[in-house]
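**Q** Please read through the structure below; I'll follow up with questions.
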Amino acid sequence: MEFPIYIESGFRGRKAAYIKNPDKYTDAYHVDYRGGADMTVRRGGAQGPIVGRVDFHSFSSAIDISFENNQRVEMRKDGLFSKTRVVDLPAAPSSKRFSWKSTSFGGGPKMLDSSGQELAFFDRSRGVSKAGTLTLLVSGLEQQFMDQIFVSFMAVEEQLRRQRRAAAAGAAGGAAGGGGGGGC
(Lines give C-alpha, C1' and ligand atoms only; values in the text may rest on other atoms or scores of the structure.)
Protein backbone atom coordinates (compact mmCIF):
# COMPACT_ATOMS: atom_id res chain seq x y z
CA MET A 1 0.00 0.00 0.00
CA GLU A 2 1.38 3.37 -1.01
CA PHE A 3 0.77 6.48 1.09
CA PRO A 4 1.72 9.78 -0.62
CA ILE A 5 3.04 12.47 1.75
CA TYR A 6 2.67 16.20 1.10
CA ILE A 7 4.31 19.05 3.02
CA GLU A 8 2.86 22.51 3.74
CA SER A 9 5.64 24.98 4.43
CA GLY A 10 5.40 28.36 6.08
CA PHE A 11 7.70 31.34 6.51
CA ARG A 12 9.49 29.80 9.50
CA GLY A 13 9.64 26.19 8.35
CA ARG A 14 7.20 23.34 8.11
CA LYS A 15 3.61 23.84 9.21
CA ALA A 16 2.02 20.50 8.42
CA ALA A 17 2.35 17.21 6.55
CA TYR A 18 -0.54 15.35 4.99
CA ILE A 19 -0.28 11.60 4.57
CA LYS A 20 -2.87 10.48 2.08
CA ASN A 21 -4.50 7.06 1.87
CA PRO A 22 -3.66 4.89 -1.16
CA ASP A 23 -6.65 6.49 -2.94
CA LYS A 24 -4.50 9.70 -2.94
CA TYR A 25 -7.44 11.89 -1.84
CA THR A 26 -8.47 11.12 1.73
CA ASP A 27 -6.23 11.87 4.70
CA ALA A 28 -4.69 8.91 6.51
CA TYR A 29 -2.70 11.12 8.93
CA HIS A 30 -2.10 14.78 9.61
CA VAL A 31 1.19 15.99 11.11
CA ASP A 32 1.30 19.37 12.86
CA TYR A 33 4.68 21.00 13.55
CA ARG A 34 3.25 23.93 15.53
CA GLY A 35 1.80 22.33 18.67
CA GLY A 36 3.22 21.93 22.16
CA ALA A 37 5.30 18.93 21.07
CA ASP A 38 7.80 19.25 18.23
CA MET A 39 5.38 17.19 16.16
CA THR A 40 1.83 15.94 16.70
CA VAL A 41 0.40 13.15 14.53
CA ARG A 42 -3.35 12.70 14.13
CA ARG A 43 -5.22 9.90 12.40
CA GLY A 44 -7.30 11.31 9.57
CA GLY A 45 -7.39 15.06 9.15
CA ALA A 46 -6.35 17.99 11.33
CA GLN A 47 -9.20 17.34 13.78
CA GLY A 48 -8.64 13.59 14.08
CA PRO A 49 -7.56 11.81 17.26
CA ILE A 50 -3.93 12.27 18.32
CA VAL A 51 -2.02 9.00 17.85
CA GLY A 52 1.45 10.31 18.68
CA ARG A 53 3.57 13.20 19.89
CA VAL A 54 7.25 13.51 19.08
CA ASP A 55 9.91 15.52 20.92
CA PHE A 56 13.44 16.03 19.58
CA HIS A 57 16.46 16.93 21.69
CA SER A 58 18.96 19.68 20.86
CA PHE A 59 22.05 17.89 22.17
CA SER A 60 21.11 14.26 21.63
CA SER A 61 20.04 12.11 18.70
CA ALA A 62 17.39 10.43 20.88
CA ILE A 63 13.74 11.11 20.07
CA ASP A 64 10.94 10.79 22.63
CA ILE A 65 7.67 9.43 21.26
CA SER A 66 4.38 9.28 23.13
CA PHE A 67 1.71 7.09 21.56
CA GLU A 68 -1.96 7.04 22.46
CA ASN A 69 -2.78 5.35 25.80
CA ASN A 70 0.26 7.12 27.30
CA GLN A 71 2.75 4.61 25.85
CA ARG A 72 6.19 6.25 25.78
CA VAL A 73 9.22 5.03 23.87
CA GLU A 74 12.60 6.38 22.89
CA MET A 75 13.97 6.14 19.38
CA ARG A 76 17.76 6.13 19.31
CA LYS A 77 20.71 5.36 17.07
CA ASP A 78 21.76 1.72 16.94
CA GLY A 79 25.36 2.75 17.66
CA LEU A 80 27.48 5.85 17.99
CA PHE A 81 28.08 6.29 14.25
CA SER A 82 25.11 4.29 12.99
CA LYS A 83 22.55 5.68 10.57
CA THR A 84 20.04 3.13 11.82
CA ARG A 85 17.51 4.15 14.46
CA VAL A 86 15.81 1.59 16.68
CA VAL A 87 12.45 1.87 18.40
CA ASP A 88 10.10 -0.42 20.31
CA LEU A 89 6.52 -0.34 19.04
CA PRO A 90 4.22 -1.61 21.82
CA ALA A 91 1.29 -2.43 19.51
CA ALA A 92 3.30 -4.82 17.32
CA PRO A 93 1.81 -8.32 17.26
CA SER A 94 5.08 -10.18 17.86
CA SER A 95 8.55 -8.64 17.81
CA LYS A 96 8.45 -5.23 19.46
CA ARG A 97 11.89 -3.96 18.27
CA PHE A 98 12.08 -2.27 14.87
CA SER A 99 14.67 -0.25 13.04
CA TRP A 100 14.54 2.53 10.51
CA LYS A 101 17.63 2.16 8.36
CA SER A 102 18.87 4.93 6.09
CA THR A 103 19.34 3.86 2.50
CA SER A 104 21.63 5.16 -0.22
CA PHE A 105 22.12 8.86 -0.87
CA GLY A 106 18.85 10.56 -1.69
CA GLY A 107 16.75 7.53 -0.81
CA GLY A 108 14.52 7.40 2.21
CA PRO A 109 14.66 5.11 5.23
CA LYS A 110 13.29 1.58 5.31
CA MET A 111 11.72 -0.19 8.27
CA LEU A 112 12.93 -3.62 9.34
CA ASP A 113 11.65 -5.96 12.05
CA SER A 114 14.04 -7.72 14.44
CA SER A 115 14.53 -10.60 11.96
CA GLY A 116 15.56 -8.19 9.19
CA GLN A 117 12.32 -8.43 7.20
CA GLU A 118 11.53 -5.16 5.42
CA LEU A 119 8.08 -3.86 6.38
CA ALA A 120 8.08 -0.40 4.81
CA PHE A 121 10.21 1.97 2.77
CA PHE A 122 10.10 5.64 1.86
CA ASP A 123 10.67 6.85 -1.68
CA ARG A 124 11.65 10.51 -1.49
CA SER A 125 10.18 12.84 -4.14
CA ARG A 126 12.04 15.59 -5.93
CA GLY A 127 8.97 17.83 -5.89
CA VAL A 128 8.45 20.92 -3.78
CA SER A 129 5.24 20.00 -1.98
CA LYS A 130 5.30 16.21 -2.29
CA ALA A 131 7.82 14.75 0.16
CA GLY A 132 7.47 11.24 -1.26
CA THR A 133 5.61 7.99 -0.73
CA LEU A 134 5.70 5.61 2.21
CA THR A 135 5.03 2.07 1.04
CA LEU A 136 3.87 -0.60 3.50
CA LEU A 137 4.89 -4.07 2.34
CA VAL A 138 2.56 -5.91 4.73
CA SER A 139 -1.21 -5.79 4.93
CA GLY A 140 -3.83 -6.56 7.54
CA LEU A 141 -2.11 -4.57 10.30
CA GLU A 142 -4.00 -3.59 13.45
CA GLN A 143 -4.82 0.13 13.44
CA GLN A 144 -2.76 0.98 16.54
CA PHE A 145 0.33 -0.77 15.13
CA MET A 146 -0.11 1.05 11.83
CA ASP A 147 -0.40 4.36 13.73
CA GLN A 148 2.88 3.61 15.52
CA ILE A 149 4.63 2.82 12.23
CA PHE A 150 3.56 6.18 10.79
CA VAL A 151 4.48 8.15 13.93
CA SER A 152 7.91 6.52 14.11
CA PHE A 153 8.45 7.11 10.39
CA MET A 154 7.57 10.80 10.64
CA ALA A 155 9.92 11.12 13.63
CA VAL A 156 12.89 9.58 11.81
CA GLU A 157 12.20 11.44 8.57
CA GLU A 158 11.99 14.78 10.41
CA GLN A 159 15.25 14.04 12.23
CA LEU A 160 16.93 13.21 8.91
CA ARG A 161 15.53 16.41 7.37
CA ARG A 162 16.92 18.47 10.27
CA GLN A 163 20.32 16.81 9.86
CA ARG A 164 20.35 17.54 6.10
CA ARG A 165 19.39 21.17 6.79
CA ALA A 166 22.12 21.55 9.44
CA ALA A 167 24.72 19.99 7.11
CA ALA A 168 23.70 22.32 4.27
CA ALA A 169 23.86 25.34 6.60
CA GLY A 170 27.29 24.23 7.80
CA ALA A 171 28.53 23.77 4.23
CA ALA A 172 27.14 27.17 3.23
CA GLY A 173 28.75 28.76 6.30
CA GLY A 174 32.10 27.16 5.48
CA ALA A 175 31.91 28.34 1.87
CA ALA A 176 30.88 31.84 2.93
CA GLY A 177 33.68 31.98 5.47
CA GLY A 178 36.26 31.22 2.80
CA GLY A 179 36.66 27.61 3.85
CA GLY A 180 39.30 28.66 6.44
CA GLY A 181 41.59 26.11 7.83
CA GLY A 182 41.90 23.92 10.80
CA GLY A 183 40.29 25.01 13.97
CA CYS A 184 39.18 22.62 16.57
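The values are calculated or read from the model by the stated rules, or taken from the named source; none is laboratory data. Quick caveat, the model's predicted, so the values are computed rather than measured. Cβ placement follows ideal geometry from the backbone for every residue including glycine, while neighbour counts extend to all protein chains displayed.
**Q** Does region 71-108 hold any residues that are outside any strand (DSSP E or B), of a type outside the set (A, V, I, L, M) and modelled with pLDDT of 90 or more, and which are they?
**A** From region 71-108, those outside any strand (DSSP E or B) are 78-83, 89-96, 102-108; that's our starting set.
When the remaining residues are screened for being of a type outside the set (A, V, I, L, M), the result is 78-79, 81-83, 90, 93-96, 102-108.
Residue satisfying the conditions is Pro90 alone.
**Q** On to the next question. Pull out all pairs, ordered by first then second residue, where Cβ-Cβ is under 9 Å, the residues are six or more apart or on different chains, the first lies in region 40-67 and is without any contact (Cβ under 8 Å) to a residue 12 or more places away in the chain and in a loop (DSSP other than H, G, I, E, B), and the second is β-branched (Val, Ile, Thr) and surrounded by 14 or more Cβ atoms within 10 Å (Cβ to Cβ).
**A** His57/Ile63
**Q** Kindly indicate which of Ser152, Ser139, Ser125 is loosely packed, with under 13 Cβ neighbours inside 10 Å, within 25 Å of Tyr25 (Cα to Cα) and not aromatic (Phe, Trp, Tyr).
**A** Details: Ser152 fails: loosely packed, with under 13 Cβ neighbours inside 10 Å; Ser125 fails: loosely packed, with under 13 Cβ neighbours inside 10 Å.
The unique qualifying residue is Ser139.
**Q** Can Glu142 be described as farther than 23 Å from Tyr18 by Cα and acidic (Asp, Glu)?
**A** Numbers: farther than 23 Å from Tyr18 by Cα: no; acidic (Asp, Glu): yes.
Against the criterion (farther than 23 Å from Tyr18 by Cα and acidic (Asp, Glu)), Glu142 does not qualify.
**Q** Restricting to region 81-101, name every residue that is under 16 Å from Gly116 (Cβ atoms) and of a type in the set (Phe, Trp, Tyr).
**A** Answer for region 81-101, where residues must be under 16 Å from Gly116 (Cβ atoms) and of a type in the set (Phe, Trp, Tyr): Phe98, Trp100.
**Q** Of the residues Tyr29, Tyr25, only one is among the aromatic types (Phe, Trp, Tyr) and either outside any loop (DSSP other than H, G, I, E, B) or under 13 Å from the mean Cα position of the chain (by Cα) (or both); which?
**A** Numbers: Tyr25 fails: either outside any loop (DSSP other than H, G, I, E, B) or under 13 Å from the mean Cα position of the chain (by Cα) (or both).
Answer to the selection: Tyr29.
**Q** Enumerate the pairs (first residue in region 140-154 and touching a residue at least 60 places away in the same chain (Cβ under 8 Å); second residue anywhere and buried (at least 24 other Cβ atoms within 10 Å of the Cβ) and among the small types (Gly, Ala, Ser)) with beta-carbon separation below 9 Å, excluding pairs fewer than 6 apart on the same chain, so at least 6 apart or on different chains.
**A** Qualifying pairs under 9 Å: Asp147/Gly52; Gln148/Gly52; Phe150/Gly52; Val151/Gly52; Ser152/Gly52; Met154/Gly52.
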